[in-house]
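Structure, as C-alpha cells:
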Amino acid sequence: MDFDFTEDQQALRDAVQRFVDKDYAFERRVQIARAGGFDRAVWDGLAGLGLTALAVPEAHGGLGQGAVEAMVVMEELGRGLVMEPLAQGALIAPALLSKAPDDLQAAWLPRIAGGEALVVLAHQEAKSRYRLHQVATRAVDGRLSGVKSLVPAGDVADAFIVPARVSGADDAAEGIALYLVERSAAGVHTRPYSLYDGSRAAEVHFDNTPARLIAGPDRGLALLELAADIGIAAQAAEAVGVMERHLALTVDYLNTRKQFGVAIGSFQALRHRTADVKMQLELARSMSYYATLRLGDAPAVRRRALSQAKVQLGQAMRFVGQQCTQMHGGIGVTDEYAGSHYFKRLTVMEMQWGDSMHHLGEVSARMLDTAGVFA
Amino acid sequence: MDFDFTEDQQALRDAVQRFVDKDYAFERRVQIARAGGFDRAVWDGLAGLGLTALAVPEAHGGLGQGAVEAMVVMEELGRGLVMEPLAQGALIAPALLSKAPDDLQAAWLPRIAGGEALVVLAHQEAKSRYRLHQVATRAVDGRLSGVKSLVPAGDVADAFIVPARVSGADDAAEGIALYLVERSAAGVHTRPYSLYDGSRAAEVHFDNTPARLIAGPDRGLALLELAADIGIAAQAAEAVGVMERHLALTVDYLNTRKQFGVAIGSFQALRHRTADVKMQLELARSMSYYATLRLGDAPAVRRRALSQAKVQLGQAMRFVGQQCTQMHGGIGVTDEYAGSHYFKRLTVMEMQWGDSMHHLGEVSARMLDTAGVFA
Amino acid sequence: MDLNFTDAELAFRAEVREWVRANLPADIAHKVRNALRLNKDDLQRWARILGAKGWHGWAWPKQFGGPGWNAVQRHLFEEECALACAPRVVPFGPVMVAPVIMAFGSPEQQQRFLPGIMSGEVWWSQGYSEPGSGSDLASVKCRAERKGDKYIVNGQKTWTTLGQYGDWIFCLVRTSTEGKPQTGISFLLIDMKTAGVTVKPIIMLDGEHEVNEVWFDNVEVPAENLIGEENKGWTYAKHLLSHERTNIADVNRAKRELERLKRIAKAEGLIDDARFRDQIALCEVDVVALEMMVLRVLSGERSGKQPLDVAGLLKIRGSELQQRYTELMMLAGGPLALPHVHEAMEAGWQGDQWLGGAWIGGATHAIPLTGNYLNVRKTTIYGGSNEVQRNIVAQTVLG
Amino acid sequence: MDLNFTDAELAFRAEVREWVRANLPADIAHKVRNALRLNKDDLQRWARILGAKGWHGWAWPKQFGGPGWNAVQRHLFEEECALACAPRVVPFGPVMVAPVIMAFGSPEQQQRFLPGIMSGEVWWSQGYSEPGSGSDLASVKCRAERKGDKYIVNGQKTWTTLGQYGDWIFCLVRTSTEGKPQTGISFLLIDMKTAGVTVKPIIMLDGEHEVNEVWFDNVEVPAENLIGEENKGWTYAKHLLSHERTNIADVNRAKRELERLKRIAKAEGLIDDARFRDQIALCEVDVVALEMMVLRVLSGERSGKQPLDVAGLLKIRGSELQQRYTELMMLAGGPLALPHVHEAMEAGWQGDQWLGGAWIGGATHAIPLTGNYLNVRKTTIYGGSNEVQRNIVAQTVLG
C-alpha cells in the first residue's frame, strides 16, 4: 500500500506540465477550438514528449509504461483542458491492438508510438446511450455497415477500432467482434462537428467497408469493456486536473474580487462552499487512484471498481463545475473567461463513458455483502 | 382560489393555541411522556374544546367541520407536540365510522364527539411496512385473529377499526374488510410501549375476537386508503406546526448564544442554513394546504396529491429536524432541551403513513404527462 | 380556503386560452416548445400581437391603458401564455420601466413613452449592472453631469440582456458623489441611437449572444428624460426591483418544461427507467410545491389579508428548479446532447450536412439540451444572486 | 504506487486478525454487531484483554511499552478490531492523555500514569469542554489557584463522555487571566475520587446516559499532577487534538456498519428494492472513496513524502457518512424501529412482556435503529463541529 509517485513519474508530470503551460495556454486553446478542436502540431508535440508511446509495448517501439504513468499524464492534460484525444489514441488503442493478430500489431503499434498514426475507438451509436453491448453496426464477411457517432477526432484519425455485430439482436451480449478500419477504406464517410467543450468529434459511416479482425465475438465485448474502463480511469485522472485548476481559478477570483468593500472570499457561505469543493476534489482524486490501481484486476473486480469511481467522479464533476461557476458570478458564465471552459469540459465528461446514474446502476447490480476498497 | 382563513377558523386556531400554551407546556409534556404518553385529562380538555366533535356529522352530535378546520387544529397541536392521538380518534375514526351501518354510527359517533370513546385505526402489521394491502389478520365468520402493531394509545383506546382479510393471500389487493372491535371484547390482548417521540402505542392481539363489520371487501381497502390520506393530511399540518416551532427555538438560540464573542446567528453559514430551513417550512406549508384541499377529490387525484405532499413533507421534516438540531450544537442533542423532542417527533412522523421513499414510488407510478397543481 | 378557481376566473382563463391559441404564431410556438433560438423578429412579432390586443402591458392598470387585471388574472394570463409556448415577454419595457414611469414619471413622460411600450413597437433595455457591481447595484459609477438642459453621460453598463435590439435604455447614473452611494443616483431614459452609445456583445458560455456591454461616451441626454427628481433614482430602482420579482419563480414555464422533460425521457426510452423516473417524480413534487407557494402569494395579494413576503424564496426555488429540470433534460439526451452545432438551434434546420438525418439517430430533441443547461446557469446569479437572496431571507427570519 | 498491502503487512494483519478473533469475548462482539448497549464491564474487559497483550496503547512507541507500529500497521489493527466487532477503545486514556504525558510529562509522571493506561486498569475521562464553550475551547473558565504544593480547582466541565466510570480526568484549567485566552491555561490531572468532584449525568436525546457534567468544588490537586509548565496547557491541548483526529473518519466502522445495513435491508425485503438499493450503493461508493482518502493519508504519513493535511475533510466526511448509513438503517427498519423500549437495548433481552416474541414480528434487528440514528447526531457537533471544520478547510484553501 503506497501512494507515492516515483521520481520518474514526477519527472513525467513536470514534462507534461511544462508542455501544457507553454504550448497550450488558454489563448492557444481558444484558437484550436475555433479551428475545429484538433491540432496536428499539438499531437506532434505530445508525441515528441513520448506520450503516444507511453502504453505501447517496448517490443513495438513503445515505452511499455503502466496505468499510473497514464494517470499522471492525464491529470496534467486535464489541467490545461487539452482537447486532443490522447487517452483514445495512446491508451485505449494500444491496449486493444496489443490483443490483435501479430501482423496488425506490427503494422500499427510502432506508428502509434511514433505519433504517425492516430487510432481511435468508434463505439458510440445513436441508440446505445451507455450500453456497450448495444451494437447495430453489422459485420458480414469482414465488411462493416453502420454508423458510429461522437468518434473523437473522427475525421482526422487514421483508423478506427470498431465494435460490430456478427450475430444476434442489436442488444445481445453475444456476437460482438472488434475490427480495425482505416479511414481511407472504401465506404467510409465522416462528418465532423464540435462538442460543447470545444473538442472535435465526428459521425463515421461505414458502407460495406473492408475491415481487419482484432478480436472475434468470443472476446469482443470483454475487450470493449476493458477499453471503456481504461477510458474511465484516464478520464478520472483528467477530471482531477480539470477540477483542481477550476478550484484554483475560483480561489484566485474569491480572493481578488471585492463586493460591499471586502474580498468575497471572506464571506463564510462561500468559504464553506469552497471547503465542499475541496472535499469533492480530494474524494475524486482518491477514486482516480482507485480506478487506476484496479485496472489490472480481474474483470468482475475491475468493472465494479471503475463504476464506483465514475459515480464519485460524476458527482464531483457536476458539483465542482456548478459551484465554481456559481461562485464566480456573471463572469463565470461568459465565453471569454477560462473558467466557463473548465465547467463545460466537466459537463461533457460526465456524459462520456456513462453518467453517474448509469454507473450507480452498475454499482447497485454488482454490490457484495462486504464493503470497502478490499471488499 | 383562496387561501385565507375565515374568522371562525382563526378563532378555532386561537382556542387550540391557548389550550396548548396553558395545558401542554413542555414540562407538562415531559410528565405525560414519563407516565406513558397518553393523558386522559388532556383528552378531556381536547374534547372540551370541541375537537373530538370536529369531524363528526351534526346528525350524530358533532360539528360537521371540514378538512381545513382539521388542518388548523393539527398545526397548533404540532406546535405543542401534543401526543394524544387526535387525528386518529377525531378525524380518521369518524370518517370511517360514517360509512358503517346505521346502528354502529349511532352507537359510536356521538360518544366519539363527546370525547367518551376513543376509537383508533389498528392497521400496522409486522410484515406490512407501508403497504396498506398487506394484511395477514384474518376474519372468519366475523371473528378476527391476528396481531396489529403500533396502534396509537392501543391499550387505552375503547375500540379499534381493524382491516382484516376475508379472502386471498396476505398481500392481495382484494379481500380486505374493515371491522370495529371493542377493546373489552373476548380475545383482545394489548401490550403498550412508548415510541421514540414519547407517544403511546401498543401491540394488539386478536384471538378469535368478535367484531362488527364496518365495510365489506368491496370497499375495505378503498376506505383504508382514505383513512391513510386523512392521516397524511393531518400529519402534514401537524408537521408544519412542529417545524415552525423548531425553527423558532433555533432562531432564539442563534440570536442568544455567543461564541468567539458574537451571537452565532451572525455567521453567514448558519444564516443561509436558516434561510434553507425557512424554505422547507414554506414548501411544506404549501403542500400541507394542498393535501388538505385535495382530500375531497376522486381517489386517483387524491392519492397522487397526498403522496406528493408526503414526499415534500418527509424531506422537509428530515432537513428541518436535522439542521435545527445541528445549529444548536451540544444542547440540541440533550433530552433536557425541548428542541430535541421536536427533532424526535419529526423523525418518527417521517416513518408514519409511509416514508419519503415509499411515496416517491407512488408519485412515480402515478405520474401524468402534464405537471403541476392542476395536472 | 378553496383550491379551485372561481367560475369567473375559469371563464377568464378560457377567454385568454382561446385568444392565445388563435393568435400565437405556430412557428414561434414551435421554437419555444423545442427550446430553439428566438430572434428579434419572433419576439417583436409576439409583442406587437399582444400590444394590438392591449395585453403587452398585461399588468398595467386601466388608467394607463392596461387591462386592470388582479393578481390571479395576471397569473392565469402568464400561465396560458407559457403553456401555449408563447415566448416570455421581454420584460424591460412593459414590466420594468413602465411601472417606474407610471409611478414617478411626469404626465408628459407617461404620454410619450407608455404607448410605445404597450404596442410593442419600442424595444427597451436595462442599464443597471456595471462591471464589478455584481449584486451591489448601488455602486453605480456611470456619470451623468448636468449641463444646461442636458445630461452628459459617460461610463459603462453591462449584462444588458438583448441590448443589441434596444431602442431605448433606462439607466441608473451617478449624479452626485456625496453621502451614501444610494443617495447620488438618478434614473435616466436614454435613446440608444444617440451619438456616443455603443453596444458590444458578450458571448455566453453556450456560445450565444444574449447580453451586452453598453458604453456611453459623452452621450447627450435631454434633461426632460430624467425620471422624477435628481438623486432619487435609487428609490425608483427599488420600486422596479420589487416588480421584477413578481413572476420570478417562473412556475408556469416549469410546468411546460416538465412536460418536455417527459417527452424527451420517452424518446430516449428512459421514462420507464425507475432511476431516471424517480428524478422526474421529485421534480414533479417540487413543481407542485412551488406552484402552491405562488398561489398562496397571489391569494394573499388579492385579498390583502395574509401578505406573504417570500419573493426571495420564490427566486431561489424557481431558479434551482429550472436548473434541475434542464440538467435532467441534458442527462436524458445523454451522448446525443453533446455536439454543439450553432446553426442547429435555428428552427427548420435540415441538418443537410449530416449523414443520416437532421441529428444523430434523428433525435432532434437532443439538439438544444446541453446549450439550455449551460444557459440557465445564469439564473442563480442574476437578479440578485441566490446567495444575496439567502441573505435577505435570513434577515427576515433572524433579524 | 500500489494498492495492495505488502506481504509483511498482510502477515501482520493475519496475526492481528487471529489474535482478535481468539480473544474478543463473543458476548461483547454480539453487542457491537447489533449495536446494543455496552456497559462498563464490557468496555473494561476488552481494555484489559488488550492491555495484557500490550495493545491497549496500540499507537504507543516502544520506549513507553507500546508495540511501535507504523501508521499502516495501526490502521490494520484498528480495521481488524472493527471488522471483528470489537468495541471502540475508550480513547481518553490510551489515545488522548497518554501522548501528552509522553511528550510533556516528567519521567515520574510517565512511570506513574502510563502503565495503568496501557493495562486498561485506570479509566480516564476528558475535561475540556465547559458550558458555553462549544467549539471555542480556549474560553476555559474552570479555575485552578496555586496554594503551596496544591492547586485548588473550582468550576465545571461538561460533555464528559463516560465520565461516570472515570478514575482520573485530565483538565484544561485557567491559571491566569492575563494576555490572550490561550496563554493562561494549564493541563492538570485530577483523581476523580478527590473530595469536591461531582459527576452528574446528562441524558441524551436517545434516552441514554453517555455524557456528564463534572463539577469541581474546592478540589485539592497536588501540584505534581501539573503536566509541563503552568500556563502552557494550550500547547499540550493542541498536541492532543491532533492525535484525537487520526482515526476520526472511522472508516473501518463504516465498512462493518454497511454490512449491517445490508443485513437489515435483506431482513426487511428491501435489498432488491431498486430505490433503497441505490441508496446503499451510494454509501458503498462513499465508503470506498473515504477509505482511499484514509489510505492516502497513511501512505503519506509512513513515507513522509506527501503529507496530506486533510484531518478536517476526514472528520466532515466520516461523520456525515456515519449519519447517512445510520439513517438508512432506521429507514430500513421502518415502523418497527419506532418503539423505544429502554431495556431492549440490553443483550439477551427476551422481550417476555411482549406478545409474540422479543420484538414486533421477531425483527430484533430493528430494536436499536432509531436510537442509533438519534445518537449519531452528535458526531457532526463534537470534536470541533463540522462548521468549524469547514472554516479550517477553507482557511487552508483560501488563506
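A compact table of results
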read-out: All positions within the stretch D:367-399 that are of a type in the set (G, A, S) and either closer than 30 Å to B:Y193 by Cβ or part of a helix (DSSP H, G or I) (or both); value: D:G371, D:A394
read-out: Test: B:A309 is surrounded by fewer than 23 Cβ atoms within 10 Å (Cβ to Cβ), modelled with pLDDT of 95 or more, among the aliphatic types (A, V, I, L, M) and within 30 Å of B:G66 (Cα to Cα); value: no
read-out: Contacts under 6 angstrom Cβ, first residue in the stretch C:334-359 being touching a residue at least 60 places away in the same chain (Cβ under 8 Å), partner polar (S, T, N, Q) and surrounded by 15 or more Cβ atoms within 10 Å (Cβ to Cβ), 6 or more apart; value: C:H340/A:S194
read-out: Verdict on B:A275 being part of a helix (DSSP H, G or I), open to solvent by less than 10 Å² (accessible area, probe 1.4 Å), among the aliphatic types (A, V, I, L, M) and in contact (Cβ under 8 Å) with a residue 24 or more places away in the chain; value: no
read-out: Failed item in (1) surrounded by fewer than 20 Cβ atoms within 10 Å (Cβ to Cβ); (2) touching a helix residue (DSSP H, G or I) at 6+ places or on another chain (Cβ under 9 Å); (3) on the phi < 0 side of the Ramachandran plot, with A:D102 passing the rest; value: (2)
read-out: Scope the stretch D:362-383; condition out of contact with any Phe, Trp or Tyr (no Cβ under 8 Å at 6 or more places or on another chain), touching a residue at least 60 places away in the same chain (Cβ under 8 Å), facing another protein chain (nearest Cβ under 8 Å) and open to solvent by 30 Å² or more (accessible area, probe 1.4 Å); matching residues; value: D:K378
read-out: Boolean, D:L398 is of a type outside the set (V, I, T), in contact with a helix residue (DSSP H, G or I) (Cβ under 8 Å, 6 or more places away or on another chain) and within 17 Å of B:K344 (Cα to Cα); value: no
read-out: Lone qualifier among B:G241, B:G296 - being small (G, A, S) and either free of Cβ contacts under 8 Å to residues at least 40 places away in the same chain or part of a helix (DSSP H, G or I) (or both); value: B:G241
read-out: Residues being under 24 Å from the mean Cα position of the chain (by Cα) and at positive phi - total across the stretch A:203-223; value: 0
read-out: Criterion (surrounded by fewer than 20 Cβ atoms within 10 Å (Cβ to Cβ) and under 21 Å from B:L81 (Cβ atoms)) met by exactly one of B:T334, B:T325, B:T347, B:T292; value: B:T334
read-out: B:L360 of a type in the set (A, V, I, L, M, F, W, C) and more than 7 Å from every other protein chain (Cβ to nearest Cβ); value: no
read-out: Lone qualifier among B:L221, B:L226, B:L249 - being within 14 Å of chain C (Cβ to nearest Cβ), open to solvent by 10 Å² or more (accessible area, probe 1.4 Å) and either among the aliphatic types (A, V, I, L, M) or outside any helix (DSSP H, G or I) (or both); value: B:L249
read-out: Residue in the stretch A:298-306 that is open to solvent by less than 10 Å² (accessible area, probe 1.4 Å), of a type outside the set (F, W, Y) and more than 9 Å from every other protein chain (Cβ to nearest Cβ) present; value: yes
read-out: Matching residues, the stretch D:102-133, being among the small types (G, A, S), within 24 Å of D:D27 (Cα to Cα) and open to solvent by 10 Å² or more (accessible area, probe 1.4 Å); value: D:S119
read-out: Conditions (1) facing chain D (nearest Cβ under 9 Å); (2) under 16 Å from A:G66 (Cβ atoms); number of the one not met by A:M287; value: (2)
read-out: Output for the stretch A:1-40, where each listed residue is under 17 Å from A:P85 (Cα atoms) and not in a helix (DSSP H, G or I); value: A:Y24, A:A35, A:G36, A:G37, A:F38, A:D39
read-out: Residues satisfying the stated conditions in the stretch A:189-210, i.e. under 13 Å from A:G146 (Cβ atoms) and crowded, with 24+ Cβ neighbours inside 10 Å; value: A:E203, A:V204, A:F206, A:T209
read-out: Residue in the stretch C:148-204 that is surrounded by the most Cβ atoms within 10 Å (Cβ to Cβ), counting only those that are basic (K, R) and closer than 22 Å to C:K40 by Cα; value: C:K157
read-out: Residue satisfying all of: in the stretch C:347-361; open to solvent by 50 Å² or more (accessible area, probe 1.4 Å) and of a type in the set (G, A, S); farthest from the other protein chains (Cβ to nearest Cβ) among these; value: C:G348
read-out: Selection within the stretch B:252-265 - more than 9 Å from chain C (Cβ to nearest Cβ), in a helix (DSSP H, G or I) and surrounded by fewer than 22 Cβ atoms within 10 Å (Cβ to Cβ); value: B:D252, B:Y253, B:T256
read-out: Counted residues, the stretch B:109-138 - those being more than 14 Å from chain D (Cβ to nearest Cβ) and closer than 25 Å to B:G50 by Cβ; value: 12
read-out: Any chance A:I214 is in contact with a helix residue (DSSP H, G or I) (Cβ under 7 Å, 6 or more places away or on another chain), open to solvent by less than 10 Å² (accessible area, probe 1.4 Å), outside the structural domain of A:A300 (by TED's automatic domain parsing) and of a type outside the set (D, E); value: yes
read-out: Total residues in the stretch A:81-99, condition open to solvent by 10 Å² or more (accessible area, probe 1.4 Å) and either assigned to a loop (DSSP other than H, G, I, E, B) or without any contact (Cβ under 8 Å) to a residue 24 or more places away in the chain (or both); value: 4
read-out: Residue check, C:N386 open to solvent by 30 Å² or more (accessible area, probe 1.4 Å), within 30 Å of B:T250 (Cβ to Cβ) and facing chain A (nearest Cβ under 10 Å); value: no
read-out: Listing of helices (runs of 4 or more DSSP H) fully contained in the stretch C:1-101 that carry 2 or more residues being touching a residue at least 60 places away in the same chain (Cβ under 8 Å), open to solvent by 20 Å² or more (accessible area, probe 1.4 Å) and within 14 Å of chain B (Cβ to nearest Cβ); value: C:7-23, C:71-83
read-out: Set B:D141, B:D155, B:D197, B:D171: member being of a type in the set (D, E, K, R) and within 10 Å of chain D (Cβ to nearest Cβ); value: B:D197
read-out: Selected residue [surrounded by 23 or more Cβ atoms within 10 Å (Cβ to Cβ) and of a type outside the set (F, W, Y)] from A:A169, A:A186, A:A177, A:A173; value: A:A177
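A quick yes/no check of all residues on (1) among the basic types (K, R); (2) within 26 Å of D:P339 (Cα to Cα):
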{"residue": "B:R13", "(1), (2)": "yes, no"}
{"residue": "B:E27", "(1), (2)": "no, yes"}
{"residue": "B:W43", "(1), (2)": "no, yes"}
{"residue": "B:E84", "(1), (2)": "no, yes"}
{"residue": "B:A90", "(1), (2)": "no, yes"}
{"residue": "B:S98", "(1), (2)": "no, no"}
{"residue": "B:P101", "(1), (2)": "no, no"}
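The values are calculated or read from the model by the stated rules, or taken from the named source; none is laboratory data. Quick caveat, the model's predicted, so the values are computed rather than measured. Backbone-built Cβ (ideal geometry, glycine too); neighbour counts: all protein chains shown. Surface accessibility is based on the protein's heavy atoms, side chains included, excluding ligands, DNA and RNA. Shrake-Rupley method; radii C 1.70, N 1.55, O 1.52, S 1.80 Å.
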